[in-house]
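Presented below is the structure to which this report refers.
The values are calculated or read from the model by the stated rules, or taken from the named source; none is laboratory data. Predicted model only: the values in this text are computed from it and were never measured. Ideal geometry is used to build each Cβ from the backbone, glycine not excepted, and the neighbour counts take in all protein chains shown.
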């Protein structure tokens with residue numbers, strides 16, 4: 001097996017994929033860790049698998065899966081693995097993958113029933129968590145609107161626990177254009193709001209249709225104009241003493257409630 005050192009031009013090139021501008025220019029990104037690499041292989045997105053030479057045995061299952069899929073496997077020295085890793089303890093296995101996001105119109109053309117929409121998310125970990133949550137709740141797609149963090153960011157991918165390879169993802173720079181496209185597709189737009197006119201407990205009739213849930217970023221939530229533009233503003237009943245819910249908790253509750261209604265209706 002070919003062995004690359006930290007001075008290898010290929011390792012230097014791969015390390016540059018930590019930058020969003022380089023990912024866009026080259027149309028590929030780097031993932032690390034056995035879970036993410038396995039998900040990339042299962043989804044057919046892995047182009048090359050890289051494994052630390054002295055940990056080849058520990059990652060034998062991943063290496064065998066790559067070989068079975070005809071994906072090239074390349075060895076790394078310990079220092080090369082350290083150069084590629086964004087974590088304190090390098091996991092020892094990586095994959096180079098093609099970018100995952102697809103045009104918004106392509107997603108809407110599939111007539112999705114449940115869509116998670118992140119509006120101007122800035123924290124990579126939050127995006128990954130939302131993707132993971134949407135995947136777990138059976139959402140059909142994830143849409144990122146506005147000035148969004150790159151879902152191919154290493155922290156986003158790790159936080160998604162492989163779900164970034166399971167769920168179609170679209171990015172649209174214009175929030176207004178993105179919301180208009182969703183509405184034209186016949187999807188009801190829902191936003192969470194503490195003073196929403198519709199309580200989640202009473203929203204089953206609304207949730208039974210095709211829905212897109214809007215989620216803002218942790219720091220500022222949804223812009224007031226975006227919230228007002230939604231077809232419904234939905235409040236999540238809080239029965240304890242907590243003042244509010246964080247983004248991940250609110251998203252999980254809203255997506256689960258919608259998935260439950262869809263399942264009970266046999267959709």
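Looking at 243, 218 in this structure, which one is within 25 Å of the chain's Cα centre (by Cα) and either in the same structural domain as residue 124 (by TED's automatic domain parsing) or free of Cβ contacts under 8 Å to residues at least 12 places away in the same chain (or both)?
218
Out of the stretch 2-43, which residues are in a loop (DSSP other than H, G, I, E, B) and at negative phi?
Hits for the stretch 2-43 are 2, 5, 6, 7, 8, 19, 43.
Which one is surrounded by the fewest Cβ atoms within 10 Å (Cβ to Cβ) among residues in the stretch 230-250 that are within 23 Å of residue 172 (Cα to Cα) and at pLDDT 95 or above?
Top of the filtered list is 231.
Anything in the stretch 111-138 that is over 19 Å from residue 256 (Cβ atoms), surrounded by fewer than 22 Cβ atoms within 10 Å (Cβ to Cβ) and touching a residue at least 40 places away in the same chain (Cβ under 8 Å)? List them, or say none.
111, 120, 122, 123
So which helices (runs of 4 or more DSSP H) are wholly in the stretch 175-267 and hold at least 3 residues that are more than 29 Å from residue 103 (Cβ to Cβ)?
Helices (runs of 4 or more DSSP H) meeting the threshold: 247-264.
Which members of the stretch 90-110 meet the condition of being surrounded by 16 or more Cβ atoms within 10 Å (Cβ to Cβ) and in contact with a helix residue (DSSP H, G or I) (Cβ under 9 Å, 6 or more places away or on another chain)?
Passing the criteria: 90, 91, 92, 93, 94, 95, 96, 97, 99, 100, 104, 108.
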